[in-house]
Amino acid sequence: MTLSKKRSRRILINEETFRWVTSPDSGYMVFVAEHEFIQGRRLEVYVENTTMKVIQPRHVRHFIVQAIEAGWEYKLAGKPTVFDLKNDQILAR
């Protein structure tokens with residue numbers, strides 16, 4: 001399942017296009033991203049509402065780059081790769 005084009009935003013990172021969206025979830029804001037053209041693994045980053053009120057494109061770039069460095073294989077099918085945001089770093093859940 002892909003993210004809705006109407007409700008998500010695009011970002012270009014390392015010559016790859018990703019779609020992303022945020023949604024509230026009981027005390028957290030969940031950032032979700034996936035490759036725009038390849039149906040691979042989703043990225044989910046749980047952000048405490050007290051940590052960040054708004055996720056901006058600079059945060060999105062930071063999350064995606066860190067996730068790729070941490071082993072997020074966005075081109076392969078499978079379960080979502082899930083992280084928590086702690087002290088401006090994403091940590092595997």
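The values are calculated or read from the model by the stated rules, or taken from the named source; none is laboratory data. As the structure is a computational prediction, the values presented were derived from the model and not from experiment. No Cβ is skipped: glycine too gets one built from the backbone with ideal geometry, and neighbour counts run over all protein chains shown. Keep in mind that these areas ignore ligands, DNA and RNA; they rest on the heavy atoms of the full protein, side chains included. Shrake-Rupley method; radii C 1.70, N 1.55, O 1.52, S 1.80 Å.
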Original post:
Name the pairs whose Cβ atoms lie under 6 Å apart, with the first residue in segment 44-56 and part of a loop (DSSP other than H, G, I, E, B), the second among the aromatic types (Phe, Trp, Tyr), and 6 or more positions between them or separate chains?
Top reply: 55/31
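Among the candidates 60, 65, 54, which residue alone is surrounded by fewer than 18 Cβ atoms within 10 Å (Cβ to Cβ), within 15 Å of residue 12 (Cα to Cα) and among the hydrophobic types (A, V, I, L, M, F, W, C)?
65
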**OP:** Report the residue count in segment 17-43 for those that are free of Cβ contacts under 8 Å to residues at least 24 places away in the same chain, surrounded by 14 or more Cβ atoms within 10 Å (Cβ to Cβ) and among the charged types (D, E, K, R).
**Re:** 1
Original post:
Looking only at segment 1-33, which residues are of a type in the set (D, E, K, R), in a strand (DSSP E or B) and more than 16 Å from residue 55 (Cα to Cα)?
Top reply: 16
Subject >> Residue count, segment 71-88 (criterion: touching a helix residue (DSSP H, G or I) at 6+ places or on another chain (Cβ under 9 Å) and either open to solvent by 90 Å² or more (accessible area, probe 1.4 Å) or in contact (Cβ under 8 Å) with a residue 40 or more places away in the chain (or both)) >> reply: 4
